[in-house]
Amino acid sequence: MKRKGWIVLAVVVVVVVGVYSWMKGSYNEMVRLNEEVLAQSSQIENQYQRRADLIPNLVSTVKGYAEHEKSTLDQVTEARAQASQTRIDINDAEALAKFDRAQGELSSALSRLMAISESYPDLKANQNFRDLQTQLEGTENRISVERRKFNETARQFNTYIKMFPRNILSNLYGFEPVNYFEAQQGAETAPKVEF
């Protein structure tokens, strides 16, 4: 009888240690994946901030050549201010959409600003303008890459926490799926630029 008791105790200990190890490993993986998502969202903000930092130089360069395009310059400045005031909140779909709209409005205003350069050959020839335009194009590419990386990281995290039986643990520990960056409505059509 004593031997049977030890066997039962050993089985219980093995099961308890196994469950503890699984829970610990699952929790730690959720934390790791969540941190990756947060780090990736910071990378997106970094690139948007880089773009926002380039805009004042671009606007002042264009100002010297296109003084009567004041409304476009004002729109860019206003869109930059609005975009700078919004923050990414990956856990709030409405806040994420607001952030995305503000950045989209800034992109649209920048597109109009770049279109102005077609009317001013001296501006197009200006080295500062060309350098800023190149930096801005590079930043837009980086933003696109970082958004894609974010969505991939978010997908990995969301998949991990939604799979059974980890979904029970994720609910227990308060891990919630994060929202994705999505293309803005109407992004499939090119913006119409008129003068």
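Per-structure values
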read-out: Selected residue [within 30 Å of E78 (Cα to Cα) and of a type in the set (S, T, Y)] from Y48, Y20, Y27; value: Y48
read-out: Which listed residue is modelled with pLDDT of 80 or more, more than 30 Å from P121 (Cα to Cα), hydroxyl-bearing (S, T, Y) and part of a helix (DSSP H, G or I), from Y20, Y48; value: Y20
read-out: Only one of S170, S108 that is within 21 Å of Q85 (Cβ to Cβ), surrounded by 15 or more Cβ atoms within 10 Å (Cβ to Cβ), hydroxyl-bearing (S, T, Y) and touching a residue at least 60 places away in the same chain (Cβ under 8 Å); value: S108
read-out: Single condition S117 does not satisfy, out of (1) within 13 Å of the chain's Cα centre (by Cα); (2) of a type in the set (S, T, N, Q); (3) buried (at least 20 other Cβ atoms within 10 Å of the Cβ); value: (1)
read-out: Total residues in the range 43-53, condition surrounded by fewer than 19 Cβ atoms within 10 Å (Cβ to Cβ) and either more than 13 Å from N151 (Cα to Cα) or in contact with a Leu (Cβ under 7 Å, 6 or more places away or on another chain) (or both); value: 6
read-out: Subset tally (residues that are within 11 Å of the chain's Cα centre (by Cα) and modelled with pLDDT of 90 or more) for the range 154-195; value: 1
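Listed here are the residues, each with its yes/no results for (1) under 18 Å from R101 (Cβ atoms); (2) over 22 Å from the mean Cα position of the chain (by Cα).
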| position | (1), (2) |
| --- | --- |
| I7 | no, yes |
| M30 | no, no |
| I44 | yes, no |
| L54 | no, no |
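The values are calculated or read from the model by the stated rules, or taken from the named source; none is laboratory data. The structure presented is a predicted model; accordingly, all values stated were derived computationally and were not measured. Virtual Cβ from ideal backbone geometry, glycine too; neighbours counted across all protein chains shown.
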